[in-house]
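S.K.: One structure is given below, represented as structure tokens, and several questions about it will come after.
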Amino acid sequence: MTNQFLWVIFPYVCIVTFIVGHIFRYRNDKFGWTAKSSEFIEKKQLMIGSVLFHIGIMPVIAGHVVGLGVPKEWTRALGVSDHLYHTGAVWVGGFFGFVTLAGMLILTSRRFLLKNVRKLSSASDLIVNTLLLLIVFLGIYSVVATTATQPDFDYRDNISIWFRSLLILRPEAALMSVVPVAFQLHILSGFLIFAMWPFTRLVHVWSVPLNYVGRSYILYRKNRVN
């Protein structure tokens, strides 16, 4: 029963909350759809932490998409051996994971330790920062610890298959029973952040002004006094 709750019910509840919560938030709180920047209070740590986090998180997300969504048979067919894939995942993924972790450490310490920033922060801001830091740490720890203690473990033989089974509505919870605890905690905390997403500042991710890149230049002309 616990296995079914953790690896079937809980993930689906989080996914539904993610979708419905965004629709509700957008329809009822458009003016609150913001990151609520605290840049005017402190800028240096925010800039460094934010740059590190965003540089690291994009490759990390891409790695998760490939690792969870692409069967190992497909990568083999492309000429990528399991050893090569695992080496790349550990070293390249590990590097960007540590970059992400460094960014989150700076952003979280800034959020908690700078008095004025903490006063501006809501409870959800503090929870999100802490949870994101935990998720990143667990992800790195899972890879490092598993590589050291269980070198034969391949998450694509269980976690990836389980995840894809969720997407096609045929969940195979039994696959997660052999997964190391650190990986399990990383996954559960990841689903939890998805459930919280619509009700926190994380919604600003969907408001990236992509059209800003192709905007027209702003021309400034000096006024001439006749």
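The values are calculated or read from the model by the stated rules, or taken from the named source; none is laboratory data. Not measured: the values here are computed from a predicted model. All Cβ positions, glycine included, derive from the backbone under ideal geometry; neighbour counts span all protein chains shown. Ligands, DNA and RNA are excluded from the accessible area calculation, which covers all protein heavy atoms including side chains. Shrake-Rupley method; radii C 1.70, N 1.55, O 1.52, S 1.80 Å.
S.K.: Any lysines with Cα under 19 Å of the LYS115 Cα? List them, leaving off those in the same chain fewer than 8 positions away.
M.R.: Partners found: LYS36, LYS43, LYS44.
S.K.: For the chain, with all protein chains present and a 1.4 Å probe, just round the carbon and sulfur fraction of the accessible area to a whole percent.
M.R.: Heavy-atom surface of the chain belonging to carbon and sulfur, 1.4 Å probe: 70 percent.
S.K.: Is the shape of the chain best called rounded, prolate or oblate, per the rule: a/c under 1.5 gives rounded, else a/b larger than b/c gives prolate, else oblate, with a ≥ b ≥ c the square roots of the Cα gyration tensor eigenvalues?
M.R.: Cα axes put the chain in the prolate bin.
S.K.: Another question, if that's okay. How much accessible surface does LYS36 have with a 1.4 Å probe, in Å² rounded to 10?
M.R.: Counting only protein heavy atoms, LYS36 exposes about 100 Å² to solvent.
S.K.: Related question: Quick check: residue separation of PHE10 and LYS115 times 0.36 nm, minus the Cα distance between them. What number comes out in nm?
M.R.: The PHE10-LYS115 span can extend by a further 34.2 nm.
S.K.: Can you sort LYS72, LYS30, LYS44 by solvent-accessible area, 1.4 Å probe, largest first?
M.R.: Greatest to least solvent exposure: LYS44, LYS30, LYS72.
S.K.: Then there's this: Stretched out fully, how many nm does the piece from SER124 to SER207 gain, at 0.36 nm a residue minus the Cα gap?
M.R.: 28.0 nm
S.K.: Any idea of the accessible area per residue across the chain, 1.4 Å probe, to the nearest Å²?
M.R.: 65 Å²
S.K.: Using a 1.4 angstrom probe on the protein heavy atoms only, line up THR146, THR2 by accessible area, largest first.
M.R.: THR2, THR146
S.K.: Name the shape class, rounded, prolate or oblate, that the alpha-carbon gyration tensor gives for region 14-97, where a ≥ b ≥ c are the square roots of its eigenvalues, rounded holds for a/c under 1.5, and otherwise prolate holds if a/b is larger than b/c and oblate otherwise.
M.R.: Judged from the Cα gyration tensor, region 14-97 comes out oblate (a/c at least 1.5, b/c at or above a/b).
S.K.: Tell me which of ILE168, VAL203, VAL65 sits at the most positive position along the dipole axis of the chain, charges placed on C-beta atoms (Lys, Arg +1; Asp, Glu -1).
M.R.: So the residue we want is VAL203.
S.K.: Where does each of 126-134, 97-105 land if you order them by average Cβ count within 10 Å, highest first?
M.R.: 97-105, 126-134
S.K.: Place the peptides 10-19, 183-192 in order of packing, highest mean first, counting for every residue the other Cβ atoms within 10 Å and averaging per peptide.
M.R.: Descending packing order for the listed peptides: 183-192, 10-19.
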